[in-house]
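The values are calculated or read from the model by the stated rules, or taken from the named source; none is laboratory data. None of these values were measured; they are calculated from a predicted model. A quick note on method: Cβ atoms are made from the backbone with ideal geometry, for glycine too, and the neighbour counts reach across all protein chains shown. In case anyone asks, the SASA skips ligands and DNA or RNA and just uses the protein heavy atoms, side chains included. Shrake-Rupley method; radii C 1.70, N 1.55, O 1.52, S 1.80 Å.
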Amino acid sequence: MAEYSKYDQALSKYNINLNDNEIKAIVANIIENKVPENDTLEVKKFLFGSIELTTLKPTDNDESVMQFAEKVNQFDNTYPHLPHVKTICVYPNFASTVSNTLDVEGVEVACVSGSFPSSQTFIEVKIAETALALKEGATEIDMVLSVGKFLGGDYENVVDEIEEMKAVCGDKKLKVILETGCLENASNIKIASILAMYSGADFIKTSTGKEKIAATPEAAYVMCQAIKEYYEETGRIVGFKPAGGLNTSKDAITYYTIVKEVLGEKWLTNDLLRLGTSRLANILLSEIEGEEIKFF
């Protein structure tokens, strides 16, 4: 029990006893009253610049990933008046393909690592995969929280894994995916958020996009509240990334609005707010340009 007490002590500084129905009501109010005012061209341009263009398919290969990255190069020439996407996100074995193909400055190379999407393997395998991804050109790592360990109350190993992964990443950003659709309730999402940040996460991310329930506004609200409270407690700024199920511009604007309402303008930068999606790129681009465009 002594080993667990330090996690209990850390969590005791935060409100972790949340009511799911209350969260739903708060979020419904934000969506109804605040989202419409953010449905603007400027917000859509900002959101486009926050996209993490993602391909995580079993059919990915060097050629398809190269073409995927080349689209970002072409975009910079075709639409010089618009921001480019913030990140290209791929499996670790394609880090060098993306890194060698990208010509655009300021686009990060993110890799999902640590036995994505299940996180079910040995920590030694997770560390080796992450180290290889970074060596091959990854500038950011997205790992999945060990959900099974978390739900079993094994906070010690959950924290240890994240700390070890962050140690491998060093000054490179580590995003911790909570897989909120599997966490059962708002209180668990809050606890997982705090433990991830406590362990060194530079971002907390909703979902892998591989589970039935992906990002939800309610999960986003709880995570942003956790980020806010953690910042007030420690002074450390942690980013937020919704991913999975971002299908419309309204989805993106909803997450933007939640970040704005909970965390404020300070978090409305492409360095602190990311959108894990690919389908949204063409949708936002079409709405910005006023015509249907299938560029990506």
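A few notes on this one:
- Cα gyration tensor shape for the chain, rounded if a/c is under 1.5, else prolate or oblate: oblate
- Computed extension gain for GLU22 through GLU37, at 0.36 nm per residue and net of the alpha carbon distance, reaches 3.1 nm.
- Restraint check, LYS6/LYS135; LYS149/LYS241; LYS6/LYS228; LYS126/LYS250; LYS71/LYS210; LYS34/LYS212, Cα-Cα greater than 26 Å: LYS6/LYS135; LYS126/LYS250; LYS34/LYS212
- Residues considered: CYS89, CYS182, CYS111. Largest GNM mean-square fluctuation over the chain, using C-alpha springs under 10 Å, is found at CYS182.
- Loop-located GluC sites (Glu not before Pro) in the range 94-145 (DSSP state not H, G, I, E or B) with no more than 16 neighbouring Cβ atoms inside 10 Å: GLU105.
- Average accessible area per residue (Å²) across the range 208-296 - probe 1.4 Å, nucleic acids and ligands excluded: 41 Å²
- At most 16 other Cβ within 10 Å, DSSP loop - trypsin sites (Lys or Arg not before Pro), the range 178-249: LYS210, LYS212, ARG236
- Of VAL98, VAL72, VAL125, the one that fluctuates the most in a GNM where the chain has Cα springs shorter than 10 Å: VAL125
- Under the combined filter of DSSP loop state and at most 10 neighbouring Cβ atoms within 10 Å, the range 8-65 retains none of its chymotrypsin sites (Phe, Trp or Tyr not before Pro).
- Atom-type composition of the exposed protein surface of the range 1-88 places 50 percent of the accessible area on carbon and sulfur (1.4 angstrom probe).
- Global geometry of the range 13-157, whether rounded, prolate or oblate, following the gyration tensor of its Cα atoms and the 1.5 cut on a/c: oblate
- Dipole magnitude for the range 121-254: about 440 debye, using +1 per Lys or Arg Cβ and -1 per Asp or Glu Cβ, origin at the Cα centre.
- Three-way shape label, the range 182-296, alpha-carbon gyration tensor, a/c 1.5: prolate
- The range 114-184 and the range 32-101 have their alpha-carbon centroids 23 Å apart.
- Think of a 1.4 Å ball rolled over the protein heavy atoms: the range 23-94 then has 49 Å² of accessible area per residue.
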